[in-house]
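Engineer: One structure coming up, written as structure tokens, with questions to follow.
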């Protein structure tokens, strides 16, 4: 390498080093932050201060939770640069921070926070849709179709939704929904589903019967579809029977109630 070229490289390297040190010094002295606050104050004094906010899309979630998130951020922004009347400058409001905080609530599937000039914020919330109630260790929780916990449910305010019972039952809500979608005649009759031993479902129907499904999504779906076909042809549900055990491939064990409360097990070969 020629001596002149080496000298130029050295000078460039030294120059970059000085630039990096200058940037570090600016950050240490909070120069970018001071500049941002000064700019925000200037725009606020020009009339672009937050005077209120609008919440859109809220249906079920407690509005107080949203208000708390927004007002905390507005207070932080106002403290960063004091304007006449104590209002925060629009430019200093962290709209992304508000969105991130809102996404931490179970009800919120998505949220958009935007500035509406000259003096408003708009918080547009997309809520999750309740699909079932999850019962676990004596606690009732409202969940959506993906099993996300939305809120706690008082016993005296139970909604008319299917009940999922057992530890981790909510984590298998997607598979259960897909399975029930394939049996449209049975789906509206489902009262509850119990996740047994962390491996399979017992389905309880509004007519009073329980259907025990085998382990594995594919096996359970096949068994339930066969049961639905038999129910359409012979009317299994609503006849006072107690339990249908489908855990053995190609077989159905039917439990019949007796007057004294005893039961007898009958085994029938599935016609399909």
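The values are calculated or read from the model by the stated rules, or taken from the named source; none is laboratory data. Remember, predicted model here, so these are calculated numbers, not experimental data. Glycine gets a Cβ as well: all are built from the backbone with ideal geometry, and neighbour counts include every protein chain shown.
Engineer: Do we have residue 72 as surrounded by fewer than 19 Cβ atoms within 10 Å (Cβ to Cβ) and either within 19 Å of the chain's Cα centre (by Cα) or in contact (Cβ under 8 Å) with a residue 40 or more places away in the chain (or both) here?
Structural biologist: When the stated conditions are applied, residue 72 does not pass them.
Engineer: Quick one: count up the residues across region 107-157 that are surrounded by fewer than 19 Cβ atoms within 10 Å (Cβ to Cβ) and part of a loop (DSSP other than H, G, I, E, B).
Structural biologist: Residues in region 107-157 being surrounded by fewer than 19 Cβ atoms within 10 Å (Cβ to Cβ) and part of a loop (DSSP other than H, G, I, E, B): 10 in total.
Engineer: Farther than 23 Å from residue 148 by Cβ, out of contact with any helix residue (DSSP H, G or I) (no Cβ under 8 Å at 6 or more places or on another chain), assigned to a helix (DSSP H, G or I) and modelled with pLDDT of 55 or more - does that describe any residue in region 25-34?
Structural biologist: no
Engineer: Would you tally the residues in region 206-220 being within 15 Å of residue 180 (Cβ to Cβ), surrounded by 19 or more Cβ atoms within 10 Å (Cβ to Cβ) and over 27 Å from the mean Cα position of the chain (by Cα)?
Structural biologist: The qualifying residues number 2.
Engineer: Tell me which of these residue 100 doesn't satisfy, since it passes every other one: (1) closer than 14 Å to residue 151 by Cα; (2) at pLDDT 95 or above.
Structural biologist: (1)
Engineer: Taking the residues in region 228-258 that are closer than 18 Å to residue 188 by Cα and touching a residue at least 40 places away in the same chain (Cβ under 8 Å) as candidates, determine which candidate is surrounded by the fewest Cβ atoms within 10 Å (Cβ to Cβ).
Structural biologist: 232
Engineer: Can you confirm whether region 182-193 contains a residue that is crowded, with 17+ Cβ neighbours inside 10 Å, modelled with pLDDT of 95 or more and farther than 25 Å from residue 253 by Cα?
Structural biologist: No, region 182-193 contains no residue that is crowded, with 17+ Cβ neighbours inside 10 Å, modelled with pLDDT of 95 or more and farther than 25 Å from residue 253 by Cα.
Engineer: Collect the residues in region 89-106 that are outside any helix (DSSP H, G or I) and within 23 Å of residue 143 (Cβ to Cβ), keeping them in residue-number order.
Structural biologist: Within region 89-106, 103, 104, 105, 106 meet the criteria.
Engineer: Here is a list of conditions, (1) free of Cβ contacts under 8 Å to residues at least 24 places away in the same chain; (2) over 20 Å from residue 211 (Cβ atoms), and residue 181 meets all of them except one; can you say which number that is?
Structural biologist: For residue 181, the exception is condition (2).
Engineer: Could you tell me how many of the residues in region 47-65 are part of a strand (DSSP E or B) and out of contact with any strand residue (DSSP E or B) (no Cβ under 8 Å at 6 or more places or on another chain)?
Structural biologist: 0
Engineer: Residues in region 149-177 that are over 20 Å from residue 207 (Cβ atoms) and without any contact (Cβ under 8 Å) to a residue 40 or more places away in the chain: how many?
Structural biologist: Residues in region 149-177 being over 20 Å from residue 207 (Cβ atoms) and without any contact (Cβ under 8 Å) to a residue 40 or more places away in the chain: 15 in total.
Engineer: Yes or no: residue 167 out of contact with any helix residue (DSSP H, G or I) (no Cβ under 6 Å at 6 or more places or on another chain), closer than 21 Å to residue 99 by Cα and surrounded by fewer than 15 Cβ atoms within 10 Å (Cβ to Cβ)?
Structural biologist: Criteria not met by residue 167.
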